[in-house]
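Q: Let me begin by handing over the structure; questions about it come next.
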Amino acid sequence: MATIAAPALLTLPAFRDAQARIRGVAARTPLVRLFAPGFDDAEVYVKAEGLQPIGSFKLRGAYNKIAQLTPEQRSRGIITYSSGNHAQGVAYAARAVGAKAVIVMPRNAPEVKKRATAALGAEIVEVGPASSDRKSKAEELEANHGYIMIPPYDDDQIIAGQGTCGLEILEDLPDCDLVLAPVSGGGLLSGIATAIKLTRSATRVIGVEPELAADAQESFRSGTLVSWPAEKTTRTLCDGLRTQSLGERNFAHIRAYVDDIVTVAEAEIRAAMRTLLYAARLTPEPSGSAAVAGLLFHSPDLRPFRKAVIVMSGGNVEPEVLVSVLAENVQP
C-alpha cells in the first residue's frame, strides 16, 4: 500500500514574502499592554487583530493568497467557505483586486458577520451548521462554475499570510518568551508558530481552544489527526472555533512547531471578554478571547514566562452576545 507523503513545511522566506505582499492592505496591529491581576512579575501584551480593516486576522492569509492569482483566475471569480471572518477577508481581498466573491456560510453564522460580508460585495450561499456542509457546497459550486477556491486554513499561502502576525510580534517584542493563539482549523496557530520558531526558537507557542471543541488538542496529543462531529463543536459560543478538524498542512506545522494546546471553559472565555474590555479597552468576539482565557485561568501550567503575547484574533461580536457577557459581571 502506498504511503502518503507528509506536507512540506514552509520556510522563513515564505513569511517574509507574505509580509511584503500584504503591506498596505492588512494593518500592522499593535501590542496592547494588559494589566491584569496575578501578572505583576511579567509583562503581558495583547496582539489586537480585531483592529484589522475586517475586524480579524483573516485578511492576512486571504489577501496573500488572492493577490497571487493570475488575471485569468481572478476573472473566473473566487469562492470560499467560512463561518464569518474568513468570509470577510476573502470578500475584502476580492474587492481589492476586482474579482467576484462567493461565500458559503452556515445559517447559524453571526448576523454581524453575514451583513459585513454582504456589504463588501460578496454573494452569500447559506448551508447547515457543520463545517463539512459548507466545504462540500463550496466544492460543488467550484466544480459547476469554475470558481477559484480560497481555502480558509489548509493552504500554504493562507498559512504564510497568517504567520505574518508572528513576525510582527517578534519585531515589536524581540525577547518575547511565550505566545498564545487560538486554534480551530489551524491556519493562525500553524502560521504564527512556524514564523516564530524559525525566527526565535526559544519562544514557546501554545494553542488555545474551547474544551467543547477540543479536536485540535486531541489531535496534537495523540499525534493523529482526528475530527469531532458538528453537534459537539457547535456547542461553544466561539463561532470562529467550531471547525471539526485541523487541516492536514496545519497539523503538520503544528506538530513541528507548537509546544502544546490547552483548552478553556465557556465561562473562562466570557470572563476573558470582560477583561479585554475593561483592562485593555479592546472589544473582542468570543473566539478572539480564547487565548486570553488560556493565560488568565491556566497561567500555572504555562509558567515560567517574563514577556507573553496573547493573540486576540478578532472583534466581530454580535451586540446581544456582548450585552449578555457584560451583564454577567461574574468570574468563572
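The values are calculated or read from the model by the stated rules, or taken from the named source; none is laboratory data. Here the structure is a predicted model, which means the values were calculated and not measured. Ideal geometry is used to build each Cβ from the backbone, glycine not excepted, and the neighbour counts take in all protein chains shown.
Q: So the check is Cβ under 7 Å with 6+ separation or different chains; which pairs have a first residue in the range 104-115 that's under 13 Å from residue 319 (Cβ atoms) and a second one that's part of a helix (DSSP H, G or I)?
A: Close Cβ pairs (under 7 Å, with a partner that is part of a helix (DSSP H, G or I)) amount to 110/239; 113/85; 113/87; 113/88.
Q: Scan the range 50-86 for residues that are over 12 Å from the mean Cα position of the chain (by Cα) and either free of Cβ contacts under 8 Å to residues at least 24 places away in the same chain or under 26 Å from residue 273 (Cα atoms) (or both) and jot them down.
A: Across the range 50-86, the qualifying residues are 51, 52, 53, 54, 70, 71, 72.
Q: Follow-up question, since we're still on this one. Would you say residue 181 is buried (at least 24 other Cβ atoms within 10 Å of the Cβ) and not polar (S, T, N, Q)?
A: Against the criterion (buried (at least 24 other Cβ atoms within 10 Å of the Cβ) and not polar (S, T, N, Q)), residue 181 qualifies.
Q: Yes or no: the range 303-314 includes at least one residue that is among the polar types (S, T, N, Q), touching a residue at least 12 places away in the same chain (Cβ under 8 Å) and closer than 28 Å to residue 59 by Cα. Break it down into steps so the answer makes sense when it comes.
A: To start, the set of residues in the range 303-314 that are among the polar types (S, T, N, Q) comprises 313.
Filter once more, keeping what is touching a residue at least 12 places away in the same chain (Cβ under 8 Å): 313.
Okay, now just the ones that are also closer than 28 Å to residue 59 by Cα, so 313.
Within the range 303-314, one or more residues are among the polar types (S, T, N, Q), touching a residue at least 12 places away in the same chain (Cβ under 8 Å) and closer than 28 Å to residue 59 by Cα.
Q: Can I ask one more? Can you pull out the residues in the range 142-167 that are hydrophobic (A, V, I, L, M, F, W, C) and crowded, with 19+ Cβ neighbours inside 10 Å? Steps first, answer last, please.
A: Taking the range 142-167 and keeping what is hydrophobic (A, V, I, L, M, F, W, C), we get 143, 148-150, 158-160, 165, 167.
Listed by number, the residues that qualify are 148, 150, 158, 159, 160, 165, 167.
Q: Continuing with the same structure: Within the range 55-64, does at least one residue satisfy the condition of being within 29 Å of residue 101 (Cβ to Cβ) and of a type in the set (Phe, Trp, Tyr)? Can you show your working first?
A: Initial filter on the range 55-64 (within 29 Å of residue 101 (Cβ to Cβ)): 55-64.
Now restrict to residues that are of a type in the set (Phe, Trp, Tyr): 57, 63.
Yes, there is a match, as at least one residue in the range 55-64 is within 29 Å of residue 101 (Cβ to Cβ) and of a type in the set (Phe, Trp, Tyr).
Q: From the list 194, 236, pick out the single residue that is under 17 Å from the mean Cα position of the chain (by Cα) and not in a helix (DSSP H, G or I).
A: Residue meeting the stated conditions: 236.
Q: Continuing with this model, one more query. Which of the helices (runs of 4 or more DSSP H) found entirely inside the range 1-105 contain at least 1 residues meeting this: surrounded by 19 or more Cβ atoms within 10 Å (Cβ to Cβ)?
A: Answer list for the range 1-105: 12-22, 58-66, 85-97.
Q: When you scan the range 15-31, do you find a residue that is closer than 21 Å to residue 196 by Cβ and modelled with pLDDT under 95, even just one?
A: Within the range 15-31, not a single residue is closer than 21 Å to residue 196 by Cβ and modelled with pLDDT under 95.
Q: Exactly one of (1) buried (at least 22 other Cβ atoms within 10 Å of the Cβ); (2) out of contact with any His (no Cβ under 8 Å at 6 or more places or on another chain); (3) of a type in the set (A, V, I, L, M, F, W, C) is unmet by residue 321. Its number?
A: Looking at each condition in turn, residue 321 falls short on (1).
Q: If you don't mind, another one. Among the residues of the range 247-265, how many are over 18 Å from the mean Cα position of the chain (by Cα) and either buried (at least 22 other Cβ atoms within 10 Å of the Cβ) or not in a helix (DSSP H, G or I) (or both)? Working first, answer last.
A: First, pick out the residues of the range 247-265 that are over 18 Å from the mean Cα position of the chain (by Cα): 256, 265.
Still in the list and also either buried (at least 22 other Cβ atoms within 10 Å of the Cβ) or not in a helix (DSSP H, G or I) (or both): 265.
Counting residues in the range 247-265 that are over 18 Å from the mean Cα position of the chain (by Cα) and either buried (at least 22 other Cβ atoms within 10 Å of the Cβ) or not in a helix (DSSP H, G or I) (or both) gives 1.
Q: Quick one: is residue 270 basic (Lys, Arg) and either without any contact (Cβ under 8 Å) to a residue 60 or more places away in the chain or touching an Asp or Glu at 6+ places or on another chain (Cβ under 6 Å) (or both)?
A: Values: basic (Lys, Arg): yes; either without any contact (Cβ under 8 Å) to a residue 60 or more places away in the chain or touching an Asp or Glu at 6+ places or on another chain (Cβ under 6 Å) (or both): no.
Answer is no for this residue.
Q: Is it true that some residue in the range 234-246 is in the same structural domain as residue 44 (by TED's automatic domain parsing), closer than 22 Å to residue 38 by Cα and buried (at least 23 other Cβ atoms within 10 Å of the Cβ)?
A: No, that holds for no residue.
Q: Could you check how many residues of the range 188-217 are under 20 Å from residue 293 (Cβ atoms) and touching a residue at least 40 places away in the same chain (Cβ under 8 Å)?
A: Going residue by residue through the range 188-217, those that are under 20 Å from residue 293 (Cβ atoms) are 188-189, 192-193, 204-217.
Within this subset, residues satisfying the condition of being touching a residue at least 40 places away in the same chain (Cβ under 8 Å) are 188-189, 192-193, 204-212, 214, 216-217.
So the count comes out to 16.
Q: Same structure again: Testing residue 40 on (1) assigned by TED's automatic domain parsing to the domain that holds residue 115; (2) among the charged types (D, E, K, R); (3) without any contact (Cβ under 8 Å) to a residue 24 or more places away in the chain, one condition comes back false. Which one is that?
A: (1)
Q: While we're here: Determine whether the range 203-213 contains at least one residue that is within 12 Å of the chain's Cα centre (by Cα), farther than 27 Å from residue 323 by Cβ and either surrounded by 24 or more Cβ atoms within 10 Å (Cβ to Cβ) or of a type outside the set (A, V, I, L, M, F, W, C) (or both).
A: To start, the set of residues in the range 203-213 that are within 12 Å of the chain's Cα centre (by Cα) comprises 207-209.
Imposing the further condition that a residue be farther than 27 Å from residue 323 by Cβ reduces the set to 207.
Next, only the ones that are either surrounded by 24 or more Cβ atoms within 10 Å (Cβ to Cβ) or of a type outside the set (A, V, I, L, M, F, W, C) (or both) stay: 207.
Yes: the range 203-213 contains one or more residues that are within 12 Å of the chain's Cα centre (by Cα), farther than 27 Å from residue 323 by Cβ and either surrounded by 24 or more Cβ atoms within 10 Å (Cβ to Cβ) or of a type outside the set (A, V, I, L, M, F, W, C) (or both).
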